[in-house]
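Read through the structure below, which is laid out as structure tokens, and then see the notes.
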């Protein structure tokens, strides 16, 4: 019998649901409260919960640190890339309407989704990187003490 | 019918608020960690169920009710789990419940005092 049996079972139930909820908050951000930052934090919480219960090695097999560090930069790249692409199309930085010049409001929807995706990716990466940095230190209470 | 639903929902909401207040008083007044944890956990779970039932009755058959029920299910799973984790961590690091004069401490409980922990305490 595992010592953390209850935590393990509940975590297995919850991790998928938390990720699903993160995507809900992410893509529902322009209709209701929510958006990239909240979705990123919720997404990171799923991995942090998994790491807390199953151990740092297990979560780093799913989400290796080098991917996390790339994600932090990728999100900023997506955000700034959207703005630069608007400039390439001949408008101001982050003028989303330029993505669909005939229907500016449709272009704004598209642009907001891209920008929120960038924010979400960066926040997920930063939160998980902070968790890895803290959890990577040697624990005072080893696994054998439980 | 509307009056009946209103009365029921307000009874639920007031009952749930009462549970919450009682659990808050318990957190402040109870003597040791374990009984305080008990007050927080049980009072919160019971009050949460009653409050969400009352709010479901208020909102009727809408999407809000579905969301409320989902919130209730998740809180019902995660609350006791969090309490279990906290209590378990306290027991493993060496805390023991206060015992009264006539009470005899339980012998041979797992992770008992016999096993030293690195943390001490």
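The values are calculated or read from the model by the stated rules, or taken from the named source; none is laboratory data. Please read all numbers here as calculations on a predicted model, not as lab measurements. So basically every Cβ, Gly included, is an ideal-geometry build from the backbone, and we count neighbours across all protein chains shown.
Which residue is surrounded by the fewest Cβ atoms within 10 Å (Cβ to Cβ), if the candidates are limited to the stretch A:28-45 and must be more than 13 Å from chain B (Cβ to nearest Cβ) and under 24 Å from residue A:136 (Cα atoms)?
Checking each candidate, the answer is A:41.
Considering only residues that are part of a loop (DSSP other than H, G, I, E, B) and either in contact with a helix residue (DSSP H, G or I) (Cβ under 9 Å, 6 or more places away or on another chain) or more than 13 Å from chain B (Cβ to nearest Cβ) (or both), which ones fall in the stretch A:1-27?
A:2, A:3, A:4
Those residues that are within 17 Å of residue A:123 (Cα to Cα) and at pLDDT below 90, I need them from the stretch A:1-27; list them, please.
Correct list: A:27 only.
Which of the following residues is closer than 30 Å to residue B:82 by Cα and in a helix (DSSP H, G or I): A:117, A:46?
After ruling out the rest, the residue left standing is A:46.
Can you find a residue that is buried (at least 17 other Cβ atoms within 10 Å of the Cβ), in a helix (DSSP H, G or I) and over 18 Å from the mean Cα position of the chain (by Cα) anywhere in the stretch A:59-66?
So far as the stretch A:59-66 goes, no, none of its residues is buried (at least 17 other Cβ atoms within 10 Å of the Cβ), in a helix (DSSP H, G or I) and over 18 Å from the mean Cα position of the chain (by Cα).
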